Structures are given as structure tokens and as C-alpha cells.
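Notes follow the structure.
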Amino acid sequence: MTPRPRSRSRRLLVLGGALAAGAAAGAAYRRRSGRATSGPPEAEDERRSLGWGADVGRPDHRVVRTPDGAQLAVWDLQGEGPEAAVVVLPHCWGCSHEIWLPVTRRLRDHGHRVVLYDQRGHGASTRGTAPLAIETLAHDLAHVLESQDVSDAVLAGHSMGGMTIMSLATYRPEVMKERARATVLVATSAHDPRGQAFPEAARLAAAFIASPVVTRSMRSANGHRFVRGVFGVDPLHSHLVLTRDLFAGCEPSVRGGWLAAMTGMNLLEGIAGMEVPTTVMVGSRDTLTVPARADAIASTIPGARLVTLPDRGHMLPLEDPDAVADEILRAVERTDIDQR
């Protein structure tokens, strides 16, 4: 039977996903700006500024081993003294802890201890044998918190990192209660009904994202344009390149596996019981975790506060690290006052 036009368009929408949006927006960006593919001359300086700091190399990480054999790379950056506030930063799908470095530097400037880690199968972390499932994210975060003896922490997660925190609240609420003082959920979602509504399209989308064709395309000279659609107005070339490099460097089967896990998830019931102060952040131009998803989270978590950044897209830790760091610092200060 020939699919009806509406069914076909829905299937293509899910199948293309972020990459289709990125390609279309990238073409428009190319026409509007006329910028060279290699980026402006200052691109290398911009890229270096996204690292650990001027003349600072990446510090050594420790390895946290999970029961299923995954090895999670963890960076525990000490603050000013043993009483320093602790912030833990799970990162987004297909990238690594590097997405958080601009925010990390700002938090450390305030003397805070910051714990970063690569999600399983991303960056320097191995995949292990556990299923790539939303619940697995919760167990991995719990292992990181316990291994680093983290308590009274602000948990701030971007995209899949936000889902990680909400998964912790859903599947490991005792760990959330014991070790978290507040949460900041950045450009994320608690539910995605498309997997249940269009299971075949979701399967095809995951298979497409897992294809080596995607990797080859993103590693091409114009590959950074595939991620243009996840940014808001006037993104820096270095941000596009970093996001492209990390996504292209993620193992294709890991990309596809986590996409399949996220499509069809529903954490709304679990987060309805969250008791810690929560801030939800979203960019007004986010095309992946659209503002309506942030609204749903903020209206479900008791007392949650919603912050919308005008003209920003999905990659808020890169696009506006000052705003993200400010909200995390606000969460630290707010809970300090509440605990006095």
C-alpha cells in the first residue's frame, strides 16, 4: 500500500531529524552570510577558547567502572577548599564533556568544584554491555556521584544530560535525595511521544543516524553546516565545528542506540516527585528540544522555574555560557540561603 502523503511527511520528519534541519539551515546560512567554508581567520583562536583555558592542557581523568564493564572517564576539578560547592555536568547526545568547558571555566572562577564525565560510548568512555536505555543513564550518573563521593551537589545537564538527571529522579530517587541540592535542566526534554506514535519511523531514524554515511558527510569540508540547525542566531564558526567534530567522532552505533532510547521516552511521572529546587532553561529557537518541551518539564516539577533565552538554540552551554553559568550559580546561592 502506498503511504498517505501525511504519513510519508511525518516519517521523513522523524527520519531526517536534527540533521535535515541542520542541512537546510546550513544552506540558508551559506546564502545569507557568504562566509568561507573554512571559517573566519580567528576560528582557531575561537576553538582554543573553548578548551580548558589559555595554555592549559586537558587534565588527567580517572576511570569509573560500572558493573557491566563500561569505563566512564571522569574529571573531578577541585574547588577552593573542602567546603566548595559541587556542580556535576552531564553532557548531551553525541558529544562529550567538552561542550561544558566554557561553563566549567566560569564556575571554577567562582571557586566551585566541578565534576565532568563522558557519557557511556562518548568521548573517552567505553560502551559496556548494558543496554543504551534511559534508565542506564541514571545508573551511570549514580556511579559517578558515588565514586567521587559527591553530596549536596547542583546537577546541571544539557539535552541528554538533562534527561540523565531526570532519569536519576525517576529510577534512582534515593540517590537524588541523598546527593543533590538543586538541578538545572538545560535545553532538554522529559518525553518524546513520536517513538510510540511512529515506531517504524523512529527505527529508521536511529538506523540513519547510525549510518557511516552520516559520519562521512559530517567530516566533509562542509560538514559543520549539518549542525547549523541546532544553533540560534549568528553562531560562532568554532561552535559549529566543535559540535560537528564531536558528533562525527561518536561511534555510529552509539549515536543510533541513544537516539532510539530517547525517542519514545516518558519521564514526566518520575519528575513529578522531584523535591529539589529546579531551573529549566531553553532557547527560543531550539529546534530539537523545543520550548514546549521545557514548558512541560517546568509545569510538572513542583516549583520549577523556567528561563527562556531569546534567539538562542539548542547548544546553550556554547551559545550563552554566561547565562547558563549564572543560573547554576543562582542555584548554588539559592540553596545556600535555604540551608542557613
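FYI, it's all coordinate maths here, none of it is from the lab. What you see is a predicted model, and the numbers here were worked out from it, not measured in a lab. Neighbour counts run over all protein chains shown; Cβ positions are idealised from the backbone, glycine included.
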- Message: Quick check: Cα centre of the range 302-340 to Cα centre of the range 217-280, how many Å?
- Response: 19 Å
- Item | Distant-in-sequence amide H partners of His191 (H built 1.01 Å from N, under 5 Å) | Leu267
- Query: Going by a ≥ b ≥ c, the root eigenvalues of the Cα gyration tensor, does the range 188-227 fall in the rounded group (a/c under 1.5), the prolate group (a/b larger than b/c) or the oblate group?
  - Reply: oblate
- Whole-Hz couplings from phi, Karplus 6.51/-1.76/1.60, listed for the range 231-241; x for Gly and Pro: 10, x, 6, 6, x, 6, 4, 4, 5, 4, 5
- Message: Multiplying the sequence separation of Leu268 and Ser211 by 0.36 nm and subtracting their Cα-Cα distance, what value in nm do you get?
- Response: 17.4 nm
- Note on the structure: One finds, for Gln78 and Leu204 with R0 = 56 angstrom and r their Cβ-Cβ distance, a FRET efficiency to the nearest 0.05 of 0.75
- Query: Using the Karplus equation 6.51 cos²θ - 1.76 cosθ + 1.60 (θ = phi - 60°), what ³J(HN,Hα) coupling, rounded to whole Hz, does each residue of the range 101-115 give in order, writing x for Gly and Pro?
  - Reply: 5, x, 6, 4, 4, 5, 5, 5, 4, 8, x, 7, 7, 10, 10
- Query: If you plug each phi of the range 327-336 into the Karplus form 6.51 cos²θ - 1.76 cosθ + 1.60 with θ = phi - 60°, what whole-Hz ³J(HN,Hα) values come out, in order, with x for Gly and Pro?
  - Reply: 5, 5, 5, 4, 5, 4, 5, 5, 6, 4
